[in-house]
1. Could you pull out every one of the helices (runs of 4 or more DSSP H) wholly within segment 1-113 that has 3 or more residues that are of a type outside the set (Val, Ile, Thr), touching a helix residue (DSSP H, G or I) at 6+ places or on another chain (Cβ under 8 Å) and outside the structural domain of ASP127 (by TED's automatic domain parsing)?
2. Kindly indicate whether LYS150 is farther than 27 Å from VAL64 by Cβ, of a type in the set (D, E, K, R) and assigned to a strand (DSSP E or B).
3. For residues in segment 156-182 being in a loop (DSSP other than H, G, I, E, B) and in contact (Cβ under 8 Å) with a residue 24 or more places away in the chain, which is farthest from SER193 (Cα to Cα)?
4. Might you let me know whether segment 57-68 holds any residue that is touching a residue at least 60 places away in the same chain (Cβ under 8 Å) and either crowded, with 20+ Cβ neighbours inside 10 Å or not basic (Lys, Arg) (or both)?
5. Across segment 183-200, which residue is farthest from the chain's Cα centre (by Cα) among those that are in a helix (DSSP H, G or I) and among the hydrophobic types (A, V, I, L, M, F, W, C)?
6. Could we say that ARG161 is buried (at least 16 other Cβ atoms within 10 Å of the Cβ), among the basic types (Lys, Arg) and assigned by TED's automatic domain parsing to the domain that holds SER146 here?
Amino acid sequence: MKKSFKGDFGYIRYRRQIGILRTGLFLLVVLALFLSGLFIFGSSKNYLSIIAALLCLPAGWSAVNLIMFMRAKGCSDSSFQKIQENKGGLLIRYDEVITSYDKNFNVAASTVLDKNICCFVEDDSFDLIDLEKHIKKMMAQNGYGSYSVKAFNKLDDFCLRLSQLERIRQDKSIDPMALEDAWVPGTQETAASVLLSISL
């Protein structure tokens, strides 16, 4: 299983696999401790049962985390290939689940360039306008209120926008990856990092 970081293509799939392994391991340890205590002491009133009960807390947390990633939808392989062909020098982040109080927004891909935020969505369970408003609100709270946000649910439209942003990037000689690499901890996050930080 290849390690995947937040924003990488395949991140949701990786987190599911990790969640299944971690939750299964916790449950096995809890069960083994409880049954061992029962076998050794002949009663459930023993220190092994107490340890097993305490381990139910991280097991529960792991199960909830797993359920969230099981419900999440990442970028499809075909969309990923087409986006890669059209991204040019843009920094594209994949498999983001942007959270809000009311709902979670599955964003297949996103990019940030020159006060423009552009998202591609393959999940039709929510309104794109709600996603745009939520991102705009979260960006404004982090000092990026002047950014425009546009979400697309058609891959061709998203790729067309990527082509337009790539021309802007070339005209202004912007290197998105260099901007991310130049960020100094303790200073204001870049707009692209803020977008990534508001997702699972």
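1. Numbers: elements: 11-41, 47-71, 77-86.
Correct list: 11-41, 47-71.
2. Numbers: farther than 27 Å from VAL64 by Cβ: yes; of a type in the set (D, E, K, R): yes; assigned to a strand (DSSP E or B): yes.
Yes, satisfied.
3. Restricting attention to segment 156-182, the residues satisfying the condition of being in a loop (DSSP other than H, G, I, E, B) are 172-175, 182.
If we keep only those that are in contact (Cβ under 8 Å) with a residue 24 or more places away in the chain too, we end up with 172, 174-175.
On the way: LYS172: 21, ILE174: 16, ASP175: 15 Å.
Ranking the qualifying residues of segment 156-182, first place goes to LYS172.
4. Taking segment 57-68 and keeping what is touching a residue at least 60 places away in the same chain (Cβ under 8 Å), we get 68.
Cutting the leftovers down to either crowded, with 20+ Cβ neighbours inside 10 Å or not basic (Lys, Arg) (or both) gives us 68.
Yes, because at least one residue in segment 57-68 is touching a residue at least 60 places away in the same chain (Cβ under 8 Å) and either crowded, with 20+ Cβ neighbours inside 10 Å or not basic (Lys, Arg) (or both).
5. If we filter segment 183-200 for residues that are in a helix (DSSP H, G or I), which is where we start, we get 191-197.
Keeping just the survivors that are among the hydrophobic types (A, V, I, L, M, F, W, C) gives 191-192, 194-196.
On the way: ALA191: 16, ALA192: 13, VAL194: 12, LEU195: 10, LEU196: 7 Å.
Taking the candidates together, the pick is ALA191.
6. Values: buried (at least 16 other Cβ atoms within 10 Å of the Cβ): yes; among the basic types (Lys, Arg): yes; assigned by TED's automatic domain parsing to the domain that holds SER146: yes.
For ARG161, the condition - buried (at least 16 other Cβ atoms within 10 Å of the Cβ), among the basic types (Lys, Arg) and assigned by TED's automatic domain parsing to the domain that holds SER146 - is met.
Residue-by-condition table, conditions (1) loosely packed, with under 14 Cβ neighbours inside 10 Å; (2) under 25 Å from GLY10 (Cα atoms):
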| residue | (1), (2) |
| --- | --- |
| VAL107 | no, yes |
| SER110 | no, yes |
| LYS115 | yes, no |
| CYS118 | no, yes |
| SER125 | yes, yes |
| ALA140 | yes, no |
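The values are calculated or read from the model by the stated rules, or taken from the named source; none is laboratory data. Predicted model only: the values in this text are computed from it and were never measured. When we count neighbours, we look across all protein chains shown, and the Cβ atoms used for this are built from the backbone with ideal geometry, even at glycine.
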